[in-house]
């Protein structure tokens, strides 16, 4: 039984996606590495080679009057992998592509039934290209070790059940959406090259969806608010002799009108979660802010020019919101007295021509470090 399938994206397209992900891998952060597991279910499809079946029947002195194909089935896979960084992962697993078959009616009167079952293991290299913070595309290329179990039965031909094991190419494309740091959903289209048990090679396609769970993901930080104690009535003291009033307290400290924090000291590269060093800097600022009278505080997040404007705008806004929420929780600032906004890299500190080159490199990232910042402006300080 020869298996062939409808075309999916070409192998060269998948290799191009992997190459692009590998070139970007040198910029990924180490904290993106880790183990993960997952499972997919979906539909598989093969095309039965009716011409070969008819030819084989003619060789045995029979003519195929009609052939009914069963070329669709259900499949699934269980997998686990290790992310070397945000762009590259090694993944292996078990797959079951389902059952396929045919029924031929022959002249002289008789029938020939054929069936094939495909199971096996795979090992892939997976390259991922983030499009947004949550959405990404990926490609895979690897090897599958599959067992094909055929069974044939027919009138006057006897029954026989050959099987075959072989290692062949496996490729695929997919998209992924991350619900949070731990859970994500995938949609994939994969092609498995398979040897059947009667000397033929063909392809089986699996279109599937599934879930991925990453181990060691950090839970989002919770801000715990403690209710203020109930007021306690205290009786006024007995009248006493009038004394001279105490000297007035010293005026509260006056903060600078604008304070600039380096984004690299507050956050990891391309992240919006505060690092311990960033929390210490904001704690010192919050301590100075305590007891100070002001009208409003504006927190502005800035990125460098690397990446798209839309992605940088969202990243700068999330960083500004993180600093705002931290100051509210630490300094007791009312939500309506502090605002946050983001700038997509259009207001750099570096001078034009200071950081040369368009290709992303470690040197360019280091040169553009002053542009990645968070500015806190205090208005009406007294």
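The values are calculated or read from the model by the stated rules, or taken from the named source; none is laboratory data. The shown structure was predicted, so the numbers you read here are calculated from the model rather than taken from an experiment. In this analysis, Cβ positions are derived from the backbone assuming ideal geometry, glycine residues included, and neighbour counts consider all displayed protein chains.
Worth pointing out:
- Filter result (over 24 Å from residue 42 (Cβ atoms) and either part of a strand (DSSP E or B) or in contact (Cβ under 8 Å) with a residue 60 or more places away in the chain (or both)) within the stretch 141-155: 151, 152, 153, 154
- For residue 320, the requirement of being in a helix (DSSP H, G or I), in the same structural domain as residue 374 (by TED's automatic domain parsing) and over 19 Å from residue 373 (Cβ atoms) is not met.
- Candidate set: the stretch 366-375, residues that are out of contact with any helix residue (DSSP H, G or I) (no Cβ under 7 Å at 6 or more places or on another chain) and surrounded by 12 or more Cβ atoms within 10 Å (Cβ to Cβ); chosen: the one nearest to residue 301 (Cα to Cα): 375
- Residue match in the stretch 122-139 (condition: surrounded by fewer than 15 Cβ atoms within 10 Å (Cβ to Cβ) and out of contact with any strand residue (DSSP E or B) (no Cβ under 7 Å at 6 or more places or on another chain)): yes
- Breaking point among (1) over 25 Å from the mean Cα position of the chain (by Cα); (2) surrounded by fewer than 17 Cβ atoms within 10 Å (Cβ to Cβ); (3) closer than 21 Å to residue 265 by Cα, for residue 336: (3)
- Every residue from the stretch 140-161 that is surrounded by 14 or more Cβ atoms within 10 Å (Cβ to Cβ) and over 29 Å from the mean Cα position of the chain (by Cα): 147, 148, 149, 150, 151, 152, 153, 154, 155, 157
- Per-region count, the stretch 347-369, residues touching a strand residue (DSSP E or B) at 6+ places or on another chain (Cβ under 9 Å) and under 12 Å from residue 305 (Cβ atoms): 3
- Taken residue by residue, the stretch 257-268 has at least one member that is surrounded by 10 or more Cβ atoms within 10 Å (Cβ to Cβ), at pLDDT below 80 and either in the same structural domain as residue 347 (by TED's automatic domain parsing) or closer than 30 Å to residue 348 by Cβ (or both).
- Count of the stretch 109-134 residues which are more than 26 Å from the chain's Cα centre (by Cα) and part of a strand (DSSP E or B): 11
- The lone exception for residue 161 - which of (1) closer than 22 Å to residue 83 by Cα; (2) modelled with pLDDT under 95; (3) assigned by TED's automatic domain parsing to the domain that holds residue 113 it fails: (1)
- So residue 106, is it assigned to a strand (DSSP E or B) and modelled with pLDDT under 90: yes
- Single residue of the stretch 269-308 satisfying the filter (touching a strand residue (DSSP E or B) at 6+ places or on another chain (Cβ under 8 Å) and free of Cβ contacts under 8 Å to residues at least 24 places away in the same chain) that is surrounded by the most Cβ atoms within 10 Å (Cβ to Cβ): 278
- Scanning the stretch 40-67 for residues that are within 42 Å of the chain's Cα centre (by Cα) and either surrounded by 18 or more Cβ atoms within 10 Å (Cβ to Cβ) or part of a loop (DSSP other than H, G, I, E, B) (or both) turns up 40, 42, 44, 45, 46, 48, 49.
- Residue list for the stretch 68-90, filter: in a strand (DSSP E or B), under 19 Å from the mean Cα position of the chain (by Cα) and surrounded by fewer than 19 Cβ atoms within 10 Å (Cβ to Cβ): 78, 80, 82, 90
- Some residue of the stretch 167-184 being under 21 Å from residue 43 (Cβ atoms), surrounded by fewer than 16 Cβ atoms within 10 Å (Cβ to Cβ) and under 15 Å from the mean Cα position of the chain (by Cα): yes
- Selection from the stretch 331-360 of residues that are more than 15 Å from residue 303 (Cα to Cα), outside any strand (DSSP E or B) and either modelled with pLDDT under 85 or in contact with a helix residue (DSSP H, G or I) (Cβ under 8 Å, 6 or more places away or on another chain) (or both): 331, 332, 333, 334, 335, 352, 353, 354, 356, 357, 358, 359
- The stretch 63-78: number of residues that are in contact (Cβ under 8 Å) with a residue 60 or more places away in the chain and over 30 Å from residue 122 (Cα atoms): 0
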